[in-house]
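Worksheet: one structure, shown below.
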Amino acid sequence: LETEAIAVEVTDEDVDGAVREILSDRATLVPADDGVSRERDLLVLDVALTVEGEEVDSQENIHYSLPSEVLFDLRIADAPEKLAGRKIDDSETFALTLPETYKKDEHQGKEAELTVTIRDIKRLRIPELDDELAQELDFDDAEDLRDEVRVQVQRGKEHQAERELEDKLLDMIIENTPFDLPEGLVKKELDRALQRAIVDMQMQGASEAEIAERVTLLQS
C-alpha cells in the first residue's frame, strides 16, 4: 500500500493557542466589560419551560456557556446564534420538541417553549504571560515556557499525523478486503474513533454535557 505522509508544521498561532490553554487554568470570571455576550462567555440565565401554555419547569441563575447547544439540559441548536450579541435583561424564546428521555414522563415528545432572560454576562480574564508567571509554573522565563510548549505541540501534531496515517491505511485495507471484517475488529475501531473524538473535545474545552451529547450522536 502506498500513501503520502502527512506534513507537520507548528505555527506561532499554534503555540499561542497552547499557551492560552495553560494560562486558562489561572483565568478568572469577571463581568463582561462591554456588556455584550460573545463566544466563551458564561451567561447567567433565568429560564422557564412551558408545555401547551403551562409552565412546567423553571429555574433562576443557571449557567450557560456560549456556544454550547445544550441549555437547561436540552439540546437547542440555535441557542448559540440567538444568545450571542445579547445584553443583560434581554430575553429569548426557543421552540423545541422535548426528547423522549425528558425527566417528566407526561411531557416527553411534546412541543414546548423555553424562555430565557439574561441576568449577567461573565467573561474569562486570562492573565498575560510574563517572566514572573512563567517562573511560578517552574520555567526560567516566558521564552523558556514557549519553547517547551512548541516542543509539546510538535509532538502532539506528529502523534496526530501518525494516527491519521494509520486510519488512511486501515481504510485502504478495508476497501480492498473482499470479505466481512470480524465484528470485534469493527467494534474496536468504532470505540477507538469515539475515544479520539472525546479527547479532542476535552482538549478544545468542551463541557461534560457537550461531550455527552456528541457521544450520543456518534453512537446513534
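The values are calculated or read from the model by the stated rules, or taken from the named source; none is laboratory data. Predicted model only: the values in this text are computed from it and were never measured. Heads up, the Cβs are rebuilt from the backbone with ideal geometry, glycines too, and the neighbour counts pull from every protein chain shown. These area figures cover heavy atoms from the full protein model, side chains too; ligands, DNA and RNA do not enter into them. Shrake-Rupley method; radii C 1.70, N 1.55, O 1.52, S 1.80 Å.
Among the candidates Leu124, Leu129, single out the residue that is open to solvent by less than 100 Å² (accessible area, probe 1.4 Å) and part of a strand (DSSP E or B).
Values: Leu129 fails: part of a strand (DSSP E or B).
Being open to solvent by less than 100 Å² (accessible area, probe 1.4 Å) and part of a strand (DSSP E or B) holds for just one of Leu124, Leu129, which is Leu124.
Can you tell me which residues in segment 83-109 are part of a loop (DSSP other than H, G, I, E, B), among the aliphatic types (A, V, I, L, M) and open to solvent by less than 30 Å² (accessible area, probe 1.4 Å)? Reasoning before the result, please.
Taking segment 83-109 as the starting set, the residues that turn out to be part of a loop (DSSP other than H, G, I, E, B) are 84-90, 98-104, 108-109.
Going one step further and asking which of them are among the aliphatic types (A, V, I, L, M), we end up with 84, 88, 98.
Listed by number, the list holds a single entry, Leu98.
Does Arg214 satisfy the condition of being at pLDDT below 90 and of a type in the set (D, E, K, R)? Reasoning before the result, please.
On the way: at pLDDT below 90: yes; of a type in the set (D, E, K, R): yes.
Yes; evaluated as a whole, the condition is true for this residue.
Among the residues of segment 1-41, write down those that are more than 27 Å from Val153 (Cα to Cα), assigned to a loop (DSSP other than H, G, I, E, B) and over 19 Å from the mean Cα position of the chain (by Cα).
Residues satisfying the conditions are Leu1, Glu2, Ala32, Asp33, Asp34, Gly35, Val36.
Please give the number of the condition Ser37 fails out of (1) at pLDDT 95 or above; (2) touching a strand residue (DSSP E or B) at 6+ places or on another chain (Cβ under 7 Å); (3) surrounded by fewer than 17 Cβ atoms within 10 Å (Cβ to Cβ).
Failing condition for Ser37: (3).
Six or more apart or on different chains, Cβ under 7 Å: which pairs go from a residue in segment 42-56 that's without any contact (Cβ under 8 Å) to a residue 12 or more places away in the chain and assigned to a strand (DSSP E or B) to one that's surrounded by 15 or more Cβ atoms within 10 Å (Cβ to Cβ) and of a type in the set (Gly, Ala, Ser)? Could you list them?
What qualifies is Glu55/Ala48.
Quick test for you: out of Leu165, Leu145, pick the one residue that is among the aliphatic types (A, V, I, L, M), in contact with a Phe, Trp or Tyr (Cβ under 6 Å, 6 or more places away or on another chain) and more than 30 Å from Val36 (Cβ to Cβ). Explain how you work it out, then say what you get.
Numbers: Leu165 fails: in contact with a Phe, Trp or Tyr (Cβ under 6 Å, 6 or more places away or on another chain).
Answer to the check: Leu145.
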